[in-house]
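Enquirer: A single structure is presented below for examination.
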Amino acid sequence: MTRRFDHVAVLMGGWSAEREVSLVSGAGCAAALREAGYRVTDIDVGRDVAARLAEVRPDACFNALHGRWGEDGCVQGLLEVMGIPYTHSGVLASALAMDKARARDAFSACGLTVAEGLVATAREAAAGHLMAAPYVVKPVNEGSSVGVHIVRDGANRPPQEILGEDPDRHVLVEAFVPGRELTVSVMDGRALAVTDILPATEFYDYKAKYAAGGSRHVVPADIPEDVYDAAMRASEAAHSALGCRGVSRADFRWNEGGTGDPAHDLVLLEVNTQPGMTPTSLVPEQAAHVGLSYRDLVVWMMEDASCPR
């Protein structure tokens, strides 16, 4: 691949709940870019990021931020204003994907299956059951399973931990979908593979995602061919529905004991516009499955950068 950029800044860290994961992702991507011959400046993003970028003056930015402010259109908007090419999705797609309620609307509009759900305040969700258990309560705008609560069948009331520090924030209340956790990476609009995630914990939570031994990944997933194909096509449709760019990852629950119709039993949970790039992350595993090394994946993402996006 012909390189368009020489000096690149890797944005990492930030101040979201996913800061620590972002630092690991960013360190890995920065090392890969250096190995590939780029001049790399690491930036642990603070609220002075515009001043830092003006000082550093990179040719482009590799955005390794995760969570709010870095994955929700905020940093993307700043980079657009400064005219700096950047990786991953643009302002609108990033904002839509991070807002799970708005993303659900987009998915439903293009015929993708989502769980029954509603938006409420954390106070309302903690006060009493808003739907029949089992169901899931999750923040509208966080990733990495931060703040997710499963309310099991038979629970007398929702867990009061739902209230958190801001009882008036919005949460998404969704029907619990039984079955297996599947995920599909999409690169340049094309699905790479389906991974079956087998978490060591109760569900695929933050620990299962990032701790060594927290989960086992089976790629390609050992599932029926029609389900595999349906997951691949649905991930591409979700990527397109939000207007994603670069690499994204779609997460599903597959109700193995459901109707037998993949269109009904395969439920789309969310799309991640800046998936993890840590040693245990799913996108690098799927890229390796199709013959793309970690370094080559990172270089492709870097050279795909543009502005406007």
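A short reminder: the numbers here are calculations on the coordinates, not readings from a lab. All values reported here derive from a predicted model rather than from experimental measurement. Backbone-built Cβ (ideal geometry, glycine too); neighbour counts: all protein chains shown.
Enquirer: With unit charges on the beta carbon (Lys/Arg positive, Asp/Glu negative), name the residue among V290, A175, N255 whose Cα is farthest towards the positive pole of the charge dipole of the stretch 161-309.
Expert: V290
Enquirer: Once fully extended, how much extra length lies between E20 and E225, figured as 0.36 nm per residue of separation less the alpha-carbon to alpha-carbon distance? Let's see the in-between values first.
Expert: On the way: separation 205, 0.36 × 205 = 73.80 nm, distance 3.70 nm.
The E20-E225 span can extend by a further 70.1 nm.
Enquirer: For the stretch 243-309, with only Lys/Arg (+1) and Asp/Glu (-1) charged at the beta-carbon, what is the dipole magnitude about the Cα centre, in debye rounded to 20? Walk me through the numbers before you get to the answer.
Expert: Values: 5 positive and 9 negative charges, 56 e Å.
Charge dipole, the stretch 243-309, about its Cα centre: 280 debye, nearest 20.
Enquirer: Between beta-carbons, use under 9 Å as the cut-off and find the net charge around M131, counting Lys and Arg +1, Asp and Glu -1. Present the calculation step by step, with values, prior to reporting the outcome.
Expert: Working: positive: none; negative: E116, E174.
Result for the neighbourhood of M131: -2.
Enquirer: Remind me, relative contact order of the chain in percent, using alpha carbon pairs under 8 angstrom and six or more residues apart?
Expert: Numbers: 687 pairs, mean separation 67.2, N = 309.
Computed over the chain, the figure is 22 percent.
Enquirer: Using the Karplus curve 6.51 cos²θ - 1.76 cosθ + 1.60 with θ = phi - 60°, what ³J(HN,Hα) values do you get for each residue of the stretch 178-194, in whole Hz, with x for Gly and Pro?
Expert: x, x, 9, 8, 10, 9, 9, 8, 10, 10, 6, x, 10, 5, 8, 5, 10
Enquirer: Residues with amide H under 5 Å of W69's amide H, sequence separation 5 or more or different chain, H placed in the peptide plane at 1.01 Å from N; which?
Expert: The list, which skips near neighbours in sequence, is C74.
Enquirer: So if R0 is 45 Å, what FRET efficiency would E55 and D153 give, r being the distance between their Cβ atoms, rounded to the nearest 0.05? Each step should come with its number before you reach the end.
Expert: Numbers: r = 56 Å, r/R0 = 1.23.
For R0 = 45 Å, the calculated efficiency reads 0.20.
Enquirer: Right, here's the next one. Could you work out which residue, out of G257, G13, G90, moves most in a Gaussian network model of the chain, that is, has the largest mean-square fluctuation with Cα springs under 10 Å?
Expert: With Cα springs under 10 Å in the chain, the top fluctuation among G257, G13, G90 is at G257.
Enquirer: If you don't mind, there's one more thing I want to ask. If packing is taken as the average count of other Cβ atoms within 10 Å, what order do 105-116, 175-186 fall into, highest mean first? Don't skip to the end; give the middle numbers.
Expert: On the way: 105-116: 15.4, 175-186: 21.0.
Going from most to least packed, we get 175-186, 105-116.
Enquirer: Efficiency by 1/(1 + (r/R0)^6): what FRET value for R169 and R3, r their Cβ-Cβ distance, R0 = 45 Å, to the nearest 0.05? Walk me through the numbers on the way to the answer.
Expert: Values: r = 43 Å, r/R0 = 0.96.
Between R169 and R3 the formula returns 0.55.
Enquirer: From the phi angles alone, apply the Karplus equation (6.51, -1.76, 1.60; θ = phi - 60°) to the stretch 47-57 and give each ³J(HN,Hα) in whole Hz, x where the residue is Gly or Pro.
Expert: Karplus values, whole Hz, x for Gly and Pro: 6, 9, 4, 5, 5, 4, 5, 5, 6, 6, 6.
Enquirer: Between the helical axis of 225-242 and the dominant principal axis of the chain, each derived from Cα atoms, what acute angle in degrees is found, rounded to the nearest 10?
Expert: The answer is roughly 60 degrees.
Enquirer: Which of these values of log10 I(q)/I(0) by the Debye sum over Cα atoms at q = 0.08 Å⁻¹ was calculated from the structure shown: [x] -0.40; [y] -0.28; [z] -0.34?
Expert: Among [x] -0.40; [y] -0.28; [z] -0.34, the one derived from this structure is [z].
Enquirer: What is the dipole size for the chain, taken about its Cα centre, with +1 at each Lys and Arg Cβ and -1 at each Asp and Glu Cβ, in debye to the nearest 20? Numbers along the way, then the final one.
Expert: Working: 28 positive and 42 negative charges, 121 e Å.
Value, rounded to 20: 580 debye.
Enquirer: About the Cα centre of the stretch 7-87, how large is the charge dipole given +1 on each Lys and Arg Cβ and -1 on each Asp and Glu Cβ? Please answer in debye to the nearest 20. Show your work: numbers first, answer last.
Expert: Details: 7 positive and 11 negative charges, 28 e Å.
About 140 debye.
Enquirer: Follow-up question, since we're still on this one. Determine the distance separating the Cα centre of the stretch 212-253 from the Cα centre of the stretch 69-116; give it in Å without decimals.
Expert: 18 Å
Enquirer: Next question. Could you work out [θ]222 nm for the chain from helices alone, using -39500 (n - 2.57) per DSSP H run of at least four and dividing by all its residues? Round to the nearest 500 deg cm²/dmol.
Expert: -9500 deg cm²/dmol
Enquirer: Assign one of three labels to the stretch 7-87, namely rounded, prolate or oblate, based on the Cα gyration tensor with a ≥ b ≥ c the square roots of its eigenvalues; rounded applies when a/c is under 1.5, prolate when it is not and a/b is larger than b/c, and oblate otherwise. Could the numbers behind the result be given before it?
Expert: Details: a/c = 1.77, a/b = 1.09, b/c = 1.62.
Because a/c hits 1.5 or more and a/b fails to exceed b/c, the stretch 7-87 counts as oblate.
Enquirer: Now for a separate question. I want to check the label-to-label distance for S293 and H217. Put each point 7 Å from Cα in the C-beta direction and report it in nm to one decimal.
Expert: Calculated label separation equals 1.8 nm.
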